[in-house]
Each structure stands twice: as structure tokens, then as C-alpha cells.
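Beneath this line is the structure, given in C-alpha cells, with notes to follow.
The values are calculated or read from the model by the stated rules, or taken from the named source; none is laboratory data. Quick caveat: nothing in here was measured; it's all calculated off a predicted structure. Please note: Cβ atoms are built from the backbone with ideal geometry, for glycine as well, and neighbour counts cover all protein chains shown.
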Amino acid sequence: MGEVLSQNEIDDLLKALSTGEVDAEEYKNAPEKQVKVYDFKRPSKFSKEHLRTLEIIFEHYGRLLYTNLPAYLRKTVSVEVLSSEAVIYSEFSNALSNPVLLGIVDVSPLNGKIIMELGTNLGYAIIDRMLGGAGVSIDKKREFTEIEIIIIERLMSVCVDLLREPWQNVVSIDPRLERIETNPQFAQLIPPTEMISIVTLSVKIGEIEGLINICLPFSTLEEVMDKLNTKYWFSTMKEKDENTYEEAIEALISRAEIPIRAILGKSSISVTDFVNLQRGDIIKLDSKIGDELNVYVGNINKFKALPGSSNDKFAVRVTSIIREE
């Protein structure tokens, strides 16, 4: 409510108008204040702070896509967050084309689902690349075959799994791709008037550029809305030093499986002798019974060992370690 003038102030104003000290025309030509229309049927449930925090989360997600997708596509991948906005779901669904690639994602323990829309031009490029092509798209849209959907589903499952880490500071989720819909009519999981946040990512695979739209319903994020602010997000970030990364890398390497083979000996025979080999024939090796065997880790000779058995299986006992590679 504006300031209320006293009687003395009103008298002074009238006196100034009558003497010409104040020109009433100046007030008539003064610019009017801009009034923002508020639609009570569509209350804004996502503040600018919420949208900004979602952008930060998906910037982190974009970096994960940038580092992980090239391993599957064998192509350079760049990802950038373009925008985030709050609209009602009907506006999002009405803008979908047919065919479309909609990934229905369960984000337990949060209620409801989120939707990931992958640009069809990116879908065609991914299919072409995964089937051995150069990774080009097609000009004319067509329906996706069942085999093509399975190919895209496998890659989208990888993308969905990467959602876990960016959301860790807000809530621990277990994302899972339930299915892919190519017809928007079969993806009516959200009421048309439900408020949603749409985060748009620009993805470039080689020379093909397209969009990924992530649809986040308010009903799904409602229980963590108070955590969707930058102050909370940064305060819960875990400090990671170089030692933490070293330990993580060591843990991953320690679980890696590597082939090991022990060479009993070598020999050379003619093709004729090889063709005529029978059960019971003896092939003379270049090593003696008491000689140590070479044990290879991959293609590197790392150990010396003696042959034997353990629990009725062939085995070797390591006698020395070769430090030089």
C-alpha cells in the first residue's frame, strides 16, 4: 500500500499546483509501473534458485556424459546446458513430434518418474555409429525398428545410470530406465496441468548436434525442494583431495581381471606331423622336468614358477618375481 499524505501535505501540494511550482502535466506523462500478471491456475512452484540449482546439477551430469559416451560411440562428445524453465506438462507434451524418443526413468526413492527426451537426429546418429557407420543422421524422419530401440535403450541405460552421482548432494537416487516410448500418446504419466521443470542439454556427437530435454515434475521433486538451493548444494559437497581419487582408482584397478598363463615349453613340428598326431603321441619340448616355467601376466613375463597340482587341478608355485618389465 502506498504512503498516505497528511492534511498539511495535501494543502501544500494544492498550493504548489495553484502557484505553478508543480506542473501536473509532468505527473500525467510519467511512465506507468509495469504490472506482472499472476496466474493462480498455474502457480510458479519452481523459483529461479531452484532452476539455477538444477542447471548446476545437470552441468555436472553433462561432464559425465562428455567423459563416458566416447567409450561407447568412439566419437568426440560435447555437452552444454542451454536452459532451464518451468512450464506445465501439456506445453511440453504438445511440442513433442512423432516419432519421438522418450525414456521413462524411475528415480526411487523419489515418487513418480522423470522423462528424458532424446532428439531423433541424435538417435539416428547413435544407431548408425553403433552399427559400424560414421555416425550420421538422416534427413527424413521414420519409425524406429525394434532392433534400433534396443540399441538406443542400451546407451540410454548408461546415460540414466550417470544421473546417480550429480544428485548425490541432494538425494541418493537409484535411477533405472523402465522403457522407451516412440509415441508421445503413450507417455501420459503426468497430469496435463502439473508444473514441471525442463532442463535442456545441447549434445554434439561428432558433427551431429541435437537436444536432450529432461522433464522433472514438481510432484517428484516436492520432498527435496528445500534442498534445491545453491547454498545447501555447495555446503554438502564432499571435499575430494588427490588421495581420495588415488584410492578410488586403486580400488577399481584391484578388481580388474587380467589373464595369466604359464608356458610349459615350446616345440616345432612339421605340418605333416601335426596332421597325423594321434592320441598317445609325444611332443618333445625345449624345457626339462625340473626347469622353472615362465608365467605371463597379459604379455609381460612377471613370474618364475614350478609346475604341480592342487585339488586335482594343474597349478604352479611361484618361485621368483621378475621386477623388470
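Only residues that are part of a strand (DSSP E or B), in contact with a helix residue (DSSP H, G or I) (Cβ under 6 Å, 6 or more places away or on another chain) and closer than 15 Å to GLU209 by Cβ were counted in region 95-140, giving 0. Residues that are in a loop (DSSP other than H, G, I, E, B) and either touching a Cys at 6+ places or on another chain (Cβ under 9 Å) or under 13 Å from VAL107 (Cα atoms) (or both) within region 171-186 comprise VAL171, SER172, ILE173, listed in sequence order. The numbered conditions (1) at pLDDT 90 or above; (2) surrounded by fewer than 20 Cβ atoms within 10 Å (Cβ to Cβ); (3) of a type in the set (A, V, I, L, M) are all true for MET116 except (2). Inspect all residues belonging to region 259-267 and state whether any of them is under 47 Å from the mean Cα position of the chain (by Cα), at pLDDT below 85 and loosely packed, with under 13 Cβ neighbours inside 10 Å. No. Inside region 141-170, can you point out the residues that are in contact with a Leu (Cβ under 8 Å, 6 or more places away or on another chain), part of a loop (DSSP other than H, G, I, E, B) and closer than 30 Å to LEU228 by Cβ? Selection gives LEU162, GLU165, PRO166, VAL170.
Confirm whether LEU189 is in a loop (DSSP other than H, G, I, E, B), surrounded by 15 or more Cβ atoms within 10 Å (Cβ to Cβ), modelled with pLDDT of 90 or more and of a type outside the set (Lys, Arg). No, not satisfied. Listed by first and then second residue, the pairs linking a residue in region 200-216 that is on the phi > 0 side of the Ramachandran plot to a residue that is of a type in the set (Lys, Arg) and surrounded by fewer than 22 Cβ atoms within 10 Å (Cβ to Cβ), with Cβ atoms under 6 Å apart and 6 or more places separating them unless they lie on different chains, are GLY206/LYS75.
Of the residues screened, THR145 is not one that is surrounded by fewer than 20 Cβ atoms within 10 Å (Cβ to Cβ), in contact with a Pro (Cβ under 6 Å, 6 or more places away or on another chain), over 23 Å from LEU221 (Cβ atoms) and polar (S, T, N, Q). Go through the residues of region 307-323 one by one and say whether even a single one is on the phi < 0 side of the Ramachandran plot, in a helix (DSSP H, G or I) and of a type in the set (Ser, Thr, Tyr). For region 307-323, residues on the phi < 0 side of the Ramachandran plot, in a helix (DSSP H, G or I) and of a type in the set (Ser, Thr, Tyr): absent.
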